[in-house]
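The values are calculated or read from the model by the stated rules, or taken from the named source; none is laboratory data. Here the structure is a predicted model, which is why all the values come from computation and not from measurement. As a convention, Cβ positions derive from the backbone with ideal geometry for all residues, glycine included, and neighbour counts pool all protein chains shown.
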Amino acid sequence: MQLGLGFAVRFKIFISLKEGVLDPQGKAVERSLHSLGYQEVQGVRMGKYIEVNLDLASRQEAEARIREMCERLLANPVIEDYRFEIEDEKPSAASKNRAES
Amino acid sequence: MRWGVIVFPGSCDDQDVYDCLKHVLGQKVEFVWHRDNLQADFDCLVLPGGFSYGDYLRAGAVARFSPIMRGVVEYASRGGLVVGICNGFQILCEAGLLPGVLTRNASLQFVCRHVYLRLEETDTPFTCAGKKGQVLKLPVKHGEGCYYADPTTLERLRQNRQILFRYVDAKGRTSAAANPNGSLDDIAGVCNEGRNVFGMMPHPEDATEKILGSDDGLKIFSSIAAAGKEREKGARVG
């Protein structure tokens, strides 16, 4: 694996509890919204949001690495699902330099 | 018998386990820093309670990648005895040495009180000195002790009799009120299929002398000590 080779992006990772897994925090927030008068609320689930910046050779490689990070550390597959989005995809300094030379 | 107590940054019950083993039970015990290499000739490793790495991300999730854990996984795979208490239980689950996961207490409250546990199985090194159905009184002190496993895993735990302790009332009956954290099936402690790795949320090391309110925790350590003696008669692990 080579670093800094052109695909510098920010990944936005969303981690959510699997269906059926108890979410006491979500329940508490739901109750609180009800008590504020938002009776239309029919369920709240809490999750985590993580941003990871990285720079790799290709989008394919970056996505594979992010998937691995999610499965090994960022999410616990017993109770959590994850998905990710890519923000502001742009050539990194390394690839710009390469293009100029 | 030689015990190792693994110390992570943020462990806080390591001294209690050490004190109980050394001064109450007269065992040979030493601390093992999480960055050190694991010597092979321990007879039992204890992962103590605490808040390793501040419980960041998920309780136990970061400690599970501490350098020592490679050795712990290898030690367990050779049949070595491993006990995780509270945060130690969370770490063993995150490391995949035990099934399931510990999540936020259903009440969202940190619970700190004595609870009653029913000893469910005695054919393990951790419970062999007890009687099936026996009720122990031990303290809990945790915010993330709600045990969860998917339905398939839970069924396998039941079939293999891996659930070693359940939360009960003083008379040994399960109930919502007796369950301090909302754990699935009132599970307080489980072992792996090989019956050499065990985790529990309550703290046996804090119930080792009558003056502490209970000495029922000795049942667990004396089980392990007895099992360790049996093992010493045979070949040493390693």
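Details
- Cβ-Cβ contacts under 6 Å between residues 6 or more apart (or on different chains), taken from a first residue in region A:1-22 that is at negative phi and charged (D, E, K, R) to a second residue that is at pLDDT 90 or above and surrounded by fewer than 16 Cβ atoms within 10 Å (Cβ to Cβ), are listed as A:Arg10/A:Glu51; A:Arg10/A:Asn53; A:Lys12/A:Glu51; A:Lys12/A:Glu85; A:Lys18/A:Asp81.
- Output for region B:73-90, where each listed residue is more than 28 Å from A:Val29 (Cα to Cα) and hydrophobic (A, V, I, L, M, F, W, C): B:Val73, B:Ala76, B:Leu81, B:Val82, B:Val83, B:Ile85, B:Phe89
- Restricting region B:25-65 to residues that are outside any loop (DSSP other than H, G, I, E, B) and of a type in the set (Lys, Arg), the residue that is nearest to B:Arg104 (Cα to Cα): B:Arg64
- Checking each residue in region B:78-131 for being in contact with a His (Cβ under 8 Å, 6 or more places away or on another chain) and on the phi > 0 side of the Ramachandran plot picks out only B:Cys86.
- For B:Val83: the one exception among (1) in a loop (DSSP other than H, G, I, E, B); (2) in contact with a Cys (Cβ under 7 Å, 6 or more places away or on another chain); (3) not hydroxyl-bearing (Ser, Thr, Tyr): (1)
- All positions within region B:91-115 that are touching a residue at least 60 places away in the same chain (Cβ under 8 Å) and either among the aliphatic types (A, V, I, L, M) or crowded, with 24+ Cβ neighbours inside 10 Å (or both): B:Ile91, B:Leu92, B:Cys93, B:Leu97, B:Leu98, B:Leu102, B:Ala106, B:Val111, B:Val115
- Within region B:102-137, restricting attention to residues that are of a type in the set (Val, Ile, Thr) and within 18 Å of B:Arg161 (Cα to Cα), the residue that is nearest to the other protein chains (Cβ to nearest Cβ) is B:Thr124.
- Residue in region A:84-96 that is within 14 Å of another protein chain (Cβ to nearest Cβ) and either at pLDDT 65 or above or farther than 13 Å from A:Phe14 by Cβ (or both) present: no
- Residue within region B:133-148 that is in a helix (DSSP H, G or I) and either more than 29 Å from A:Asn76 (Cβ to Cβ) or in contact with a Gly (Cβ under 9 Å, 6 or more places away or on another chain) (or both) present: no
- For region A:64-83, the set of residues classified as more than 13 Å from every other protein chain (Cβ to nearest Cβ) and either at pLDDT below 95 or over 12 Å from the mean Cα position of the chain (by Cα) (or both) consists of A:Ala64, A:Arg65, A:Glu68, listed by residue number.
- Per-region count, region A:58-73, residues under 27 Å from B:Cys93 (Cβ atoms) and either among the hydrophobic types (A, V, I, L, M, F, W, C) or not in a helix (DSSP H, G or I) (or both): 5
- Enumeration of residues in region B:14-30 that are closer than 23 Å to B:His142 by Cα and either more than 17 Å from the chain's Cα centre (by Cα) or buried (at least 23 other Cβ atoms within 10 Å of the Cβ) (or both): B:Val17, B:Cys20, B:Leu21
- All positions within region B:138-157 that are out of contact with any strand residue (DSSP E or B) (no Cβ under 7 Å at 6 or more places or on another chain) and within 14 Å of another protein chain (Cβ to nearest Cβ): B:Gly143, B:Ala149, B:Asp150, B:Pro151, B:Thr152, B:Thr153, B:Leu154, B:Arg156
- All conditions but one from (1) within 14 Å of another protein chain (Cβ to nearest Cβ); (2) not in a loop (DSSP other than H, G, I, E, B) apply to B:Glu74; the one that does not is (1).
- Criterion violated by A:Ile15 - all others in (1) part of a strand (DSSP E or B); (2) surrounded by 18 or more Cβ atoms within 10 Å (Cβ to Cβ); (3) more than 13 Å from chain B (Cβ to nearest Cβ); (4) modelled with pLDDT of 95 or more satisfied: (3)
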